[in-house]
Structure formats: structure tokens, C-alpha cells
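What follows is a single structure, written as C-alpha cells, with notes after it.
The values are calculated or read from the model by the stated rules, or taken from the named source; none is laboratory data. Please read these numbers as outputs of a predicted model, since none were measured by experiment. Quick reminder, even Gly has a Cβ in these numbers, built from the backbone with ideal geometry, and neighbours come from all protein chains shown. SASA here: full protein model, heavy atoms, side chains in, ligands and nucleic acids out. Shrake-Rupley method; radii C 1.70, N 1.55, O 1.52, S 1.80 Å.
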2 protein chains.
Amino acid sequence: MRPLFHPAVEDLKPEAILYALSDPERVAIFAQIAGLGSSGTCTALSNLGDRVIPKSSLSQHMKVLREAGLIRGERQGVEMRNHSRCQEVDSRFPGLIGAILSAYGRPPAATNAG
Amino acid sequence: MRPLFHPAVEDLKPEAILYALSDPERVAIFAQIAGLGSSGTCTALSNLGDRVIPKSSLSQHMKVLREAGLIRGERQGVEMRNHSRCQEVDSRFPGLIGAILSAYGRPPAATNAG
DNA sequence: TTCCATAGTTCAGAAATTCGGAACTGTTGA
DNA sequence: TCAACAGTTCCGAATTTCTGAACTATGGAA
């Protein structure tokens with residue numbers, strides 16, 4: 001398995017972020033991770049909505065979020081701890097994540113994306 | 001040719017807006033329309049970037065922007081006048097368009113999206 | 001060490017989407 | 001009636017997405 005790729009803050013691309021968050025399922029995942037403040041495992045994120053996301057699909061979703069720079073994933077034992085990169089993204093694109101989450105009716109926690 | 005579809009403000013979907021603006025070519029088109037303040041024809045929008053967009057592709061792009069509720073197109077004689085729906089979108093999702101255009105390095109005019 | 005369970009990734013084929021040239025529609029003007 | 005023009009629709013090729021199955025990696029038990 002190849003190591004996970006995480007873009008540097010200066011390499012963040014708005015199109016990747018918008019694309020990643022143009023899928024409600026990914027938004028639910030991201031909002032959960034960002035809302036927790038802490039990390040979350042993939043498995044814990046697989047049944048947020050009205051269906052159970054197949055794990056191969058979930059893995060793809062996580063990859064899209066990761067490569068857009070929205071989350072950081074690091075292996076911890078058997079599982080993967082995912083946490084949001086809201087502050088980094090916000091430093092690069094101020095207000096973007098907040099506006100997006102608000103539009104989805106998922107008001108961001110001030111400490112995470114404000 | 002079927003009549004153009006434009007969603008009502010209350011039917012705007014964040015996912016459609018983010019998807020539409022996850023393509024830099026569409027962002028360029030939208031920014032041009034929004035920035036003009038006035039309307040623009042499709043043809044005038046076809047060579048904004050570093051390539052000429054084929055007109056069938058351009059037509060698709062316009063459709064995506066239109067159906068996301070970002071622009072309104074109305075036939076005027078032979079051509080189509082397109083104008084932005086920034087204010088309507090902004091009334092529904094405050095700050096969203098501004099944050100997105102800013103992230104793309106296309107600061108929105110205050111009168112159009114603020 | 002070997003085996004098993006768990007967490008997540010990668011593979012691969014089917015389904016869906018996107019791209020763009022060619023054909024078409026609708027409007028204007030000669 | 002015809003030609004020119006603006007934009008849409010069609011349709012086949014290329015790309016992307018989806019997801020079950022196979023695989024990798026880690027940890028714990030025997």
C-alpha cells in the first residue's frame with residue numbers, strides 16, 4: 001500500500017475542494033470529522049446518511065477528501081484516524097469552508113473553521 | 001429545442017453550485033458574467049482561458065451553470081444573453097459565491113455578490 | 001512463529017458521465 | 001425562400017465513478 005498523499009497548504013486547489021464537497025455523502029463525512037474536533041475512523045463514518053456506504057466507496061471518498069487537503073489521515077494501529085484540516089484550508093481560503101458548510105445547513109464550529 | 005430550465009431560489013442546491021464551480025473553465029465563464037454586471041453571449045465567453053472551448057462543450061457548461069442557478073439565460077434575437085444570479089444565490093447561501101470566487105483569486109464585485 | 005480478525009486499500013468490470021464534432025433548431029436579414 | 005449565425009442536441013469515444021472481491025497491513029492469541 002502506498003503512503004497517503006496530503007497536499008501542502010500552498011498546493012491546495014479550490015477546484016479540488018469544491019469538487020470534493022460537491023457530493024453530499026462526502027460533505028456528511030467531512031462535517032462529521034470537522035464537527036468532532038477530534039479524529040474519526042473510516043468505519044465509524046460509513047453509515048452517516050440514509051445508507052451504508054460500501055467500504056471501497058468510502059475509501060475512495062476519503063481519498064478525495066484527503067487529496068483535496070480537507071482531511072489528514074494517519075494510521076494508528078489497525079485503524080486510520082482522520083482529522084480535519086479546516087484551519088489550514090481556512091488560512092489559505094478564508095471563509096470558504098464555513099460558507100460551504102453553512103450552505104449545506106451544517107454550521108461549522110467556530111473553533112474548527114472560523 | 002426545449003425551453004431553458006432555471007431553478008427557483010428555494011430549489012437551489014449547494015451540491016449543484018459546488019459542482020458547477022469545481023471546473024475552472026466554468027468558473028472563468030461565471031466570473032466573466034458576474035464581473036460584467038451585464039449580460040454576455042456564449043460566443044463571447046468561448047475563449048476566456050488558454051484555449052477555445054468547442055461550442056458544444058460551452059453549451060454544456062452554460063447548462064450546468066444555469067441549472068445550478070448561477071446564471072440566467074434568455075434568448076434575445078439570435079443570441080443568448082446570460083446574466084448572473086449572484087444576488088439570488090447570495091440571499092439563499094450568504095457569502096458562498098464570494099468565498100468561492102475569492103478562493104479562485106477572482107474577487108467578486110461588491111455589487112454582484114456581496 | 002503461525003493463524004485469525006479487523007481496518008482500510010487496490011483491482012477490475014459495469015455503469016454513468018463528460019467531451020466534442022456533426023447535425024440540427026430557431027432567429028434575423030437579404 | 002435562402003443564407004448566415006447563435007446555440008442546442010445527438011451520439012460515439014474517452015474518462016470517471018461505483019462497488020464486490022481480492023489484497024495489504026497491523027495487532028492479538030495460541
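Note on exposure: B:19, B:104 ranked by accessible area (1.4 Å probe, complete protein assembly) read B:19, B:104, with the most exposed listed first. The P(r) of chain B has a tail past 23 Å containing 20 percent of all C-alpha pairs.
For region A:31-85, rounded, prolate or oblate, judged on the Cα gyration tensor with a ≥ b ≥ c (square roots of eigenvalues), a/c < 1.5 rounded, else prolate if a/b > b/c? Rounded is the answer for region A:31-85, as its axis ratio a/c remains below 1.5. Other protein chain C-beta atoms within 10 Å of residue C-beta, averaged over A:24-30: 1. The Cβ shell under 14 Å around residue B:56 holds other residues with a net charge of +1, Lys and Arg each +1, Asp and Glu each -1. With label points set 7 Å from Cα along Cα→Cβ, the inter-copy distances at residue B:60 are 1.9 nm, sorted shortest first. A straight line joining the Cα centroids of region A:1-28 and region A:70-97 runs 9 Å. Applying the Karplus relation 6.51 cos²θ - 1.76 cosθ + 1.60 with θ = phi - 60° to region A:64-78 yields 3J(HN,Hα) values of 4, 5, 5, 6, 7, x, 7, 9, 10, x, 9, 5, 9, x, 6 Hz, where x marks Gly and Pro. Toward the positive end of the charge dipole of chain A, with +1 on the Cβ of Lys and Arg and -1 on the Cβ of Asp and Glu, the farthest Cα among A:6, A:19, A:78 is that of A:78. Only the Cβ atoms of Lys and Arg (+1) and of Asp and Glu (-1) were treated as charged; on that basis the dipole of region B:12-106 about its Cα centre amounts to roughly 160 debye.
The calculated 222 nm mean residue ellipticity attributable to helices in chain B amounts to -13000 deg cm²/dmol, summing -39500 (n - 2.57) over DSSP H runs of n ≥ 4 and dividing by all residues. The mean number of Cβ atoms from other chains found within 10 Å of a Cβ in peptide A:6-15 is 3, as a whole number. Partner shielding of B:94-104 amounts to 6, given as the average count of beta-carbon atoms from other chains within 10 Å of each residue beta-carbon.
Within a straight-line Cα-Cα reach of under 26 Å, residue A:63 can be paired with the following lysines, leaving aside sequence neighbours fewer than 8 residues apart in one chain: A:13, A:55, B:13. Our coupling estimate for region B:45-54, obtained by passing each phi through the Karplus curve with A = 6.51, B = -1.76, C = 1.60 and θ = phi - 60°, is 9, 7, 10, 7, x, 9, 8, 8, 7, x Hz, Gly and Pro reported as x. Of the residues B:13, A:55, the one with the largest accessible area comes first in the ranking A:55, B:13, computed with a 1.4 Å probe on protein heavy atoms. The ellipsoid that matches the Cα gyration tensor of the protein assembly as shown has semi-axes, each √(5λ) in whole angstrom, of 34, 17, 17, with the longest given first. Heavy-atom accessible surface of the protein assembly as shown, averaged per residue, reaches 52 Å², computed with a 1.4 Å probe.
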